1. Only one of (1) modelled with pLDDT of 95 or more; (2) surrounded by 13 or more Cβ atoms within 10 Å (Cβ to Cβ) is not met by Val22, so which one is it?
2. Residues that are touching a Lys or Arg at 6+ places or on another chain (Cβ under 6 Å) and either among the aromatic types (Phe, Trp, Tyr) or modelled with pLDDT of 95 or more (or both): find the helices (runs of 4 or more DSSP H) completely inside the range 224-333 holding 1 or more of those.
3. Just to be sure before I move on: is Leu135 open to solvent by less than 40 Å² (accessible area, probe 1.4 Å), without any contact (Cβ under 8 Å) to a residue 40 or more places away in the chain and over 15 Å from the mean Cα position of the chain (by Cα) in the structure I sent?
4. Within the range 187-210, does at least one residue satisfy the condition of being open to solvent by 30 Å² or more (accessible area, probe 1.4 Å), among the basic types (Lys, Arg), more than 20 Å from the chain's Cα centre (by Cα) and farther than 21 Å from Glu60 by Cβ?
5. Please work out which one of (1) among the small types (Gly, Ala, Ser); (2) open to solvent by 20 Å² or more (accessible area, probe 1.4 Å); (3) closer than 22 Å to Phe249 by Cα is the condition Gly71 fails and give its number.
6. Restrict the check to the range 171-178 and report whether at least one residue is assigned to a strand (DSSP E or B) and of a type in the set (D, E, K, R).
7. For Gln354, which of the numbered conditions (1) surrounded by fewer than 22 Cβ atoms within 10 Å (Cβ to Cβ); (2) out of contact with any helix residue (DSSP H, G or I) (no Cβ under 6 Å at 6 or more places or on another chain); (3) under 27 Å from Ser109 (Cα atoms) fails to hold?
Amino acid sequence: MTPTPRPGILDISPYVGGRASVPGVAKVWKLSSNESPLGPSPAVLEALKTGADDASLYPEGSARILREAIGETYGLDPARIIGSGDGSDALLSMLAAAYLRPGDEVLFSKHAFLIYKIATLANSAVPVEVPEANLKFDVDATLARVNAKTRLVYIANPNNPTGTYISHDDMRRLHDGLPENALLVIDAAYSEYVKRNDYEAGVEMVSAFPNVVMTRTFSKIHGLAGMRIGWAYAPAAVCEVLNRIRGPFNVGNLQARVGAAAIRDRAHLERAVAHNEKWKAWLIEEIRETGLRVDDSVANFVLIHFPPGKKDARAADVFLNARGLILRPMASYRLPDCLRLTVGPAEANPLVVQALKEFMAL
């Protein structure tokens, strides 16, 4: 007999990331993983050079350098920040491991980040997928499914892959309807891109309530997807729990130095925001002129809807790939008629538009 995993594990479909290559195509533009087209800050490149000297040494166990830089930038208590050297995904999974018991229910929206379901099943809990309203998190539908078994609610705000968000007032209303022993986890991986007056990433709510956690990442706007750095801002009691179960050296020396350098370079972040705002608006307008539906987005990607038949999403994906343009098919998110397009470099964005125009003109 072979060892048997805990209930739920074998129900998990392994996560598959965006493709990075096309067989037979030498030059490709990877627009499938929501990576920053500007890359990392110059300060990061300098930190990479100087940080290599510590490669033989164990890290300082609490990721103090990283936490203090984050606290300095956002005006937060570093003691209430938890770092991760495996992205914010690890923190989302760590929260599930810390707080879920077999049979507990976890709520998240139908087209939410796939990690939420994976973390739930990995801990023998019950995933409850809530229908969305026009591809947007539905607060009322979520609250209607809250019961005595509800232990955790995940919400990506903004949401990947839809690019939609809910307002601060709606987030408060969601929290107000949850039991006190349920944890609200706000995944704010794309928060730096949002330019809406009614949006708040989650800092205020974590500061105000004992059952709200916000997670963030360096993988998106900071251009550090390959470094896998994430962080969470949480109530003191939640931090105490997470510090008991996280790895003793879960943020490497180089990760801490690089993350600290990145988050302090506000000018680079603003350049990334400006690039995204300019090209996202252009892409939406130009692609809509082809006759395709493109949803509004507050993040660094757009969701493109294709009609059924000969010009469906699968055919478009093949056509684009042949031209070295890699978008993200959305079948795994149960959006089989869609491709997700990351706002790319200035050279790549016009190529996508031109290719889509050619495809729709066939």
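The values are calculated or read from the model by the stated rules, or taken from the named source; none is laboratory data. All values reported here derive from a predicted model rather than from experimental measurement. As a convention, Cβ positions derive from the backbone with ideal geometry for all residues, glycine included, and neighbour counts pool all protein chains shown. Only protein heavy atoms, including side chains, enter the accessible area calculation; ligands, DNA and RNA are left aside. Shrake-Rupley method; radii C 1.70, N 1.55, O 1.52, S 1.80 Å.
1. Looking at each condition in turn, Val22 falls short on (1).
2. The helices (runs of 4 or more DSSP H) meeting that bar are 236-245.
3. Taking the combined requirement at face value, the residue does not satisfy it.
4. no
5. Single failed check for Gly71: (2).
6. No; the residues of the range 171-178 include none that is assigned to a strand (DSSP E or B) and of a type in the set (D, E, K, R).
7. In the conditions (1) surrounded by fewer than 22 Cβ atoms within 10 Å (Cβ to Cβ); (2) out of contact with any helix residue (DSSP H, G or I) (no Cβ under 6 Å at 6 or more places or on another chain); (3) under 27 Å from Ser109 (Cα atoms), Gln354 misses (3) alone.
Per-residue answers, yes or no, for (1) modelled with pLDDT of 95 or more; (2) outside any loop (DSSP other than H, G, I, E, B); (3) closer than 27 Å to Arg257 by Cα; (4) open to solvent by 20 Å² or more (accessible area, probe 1.4 Å):
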site	(1), (2), (3), (4)
Ser33	yes, no, yes, yes
Asp53	no, yes, yes, yes
Ile65	yes, yes, yes, yes
Ala79	yes, yes, yes, yes
Ile82	yes, yes, yes, no
Ala90	yes, yes, yes, yes
Ala96	yes, yes, no, no
Val106	yes, yes, no, no
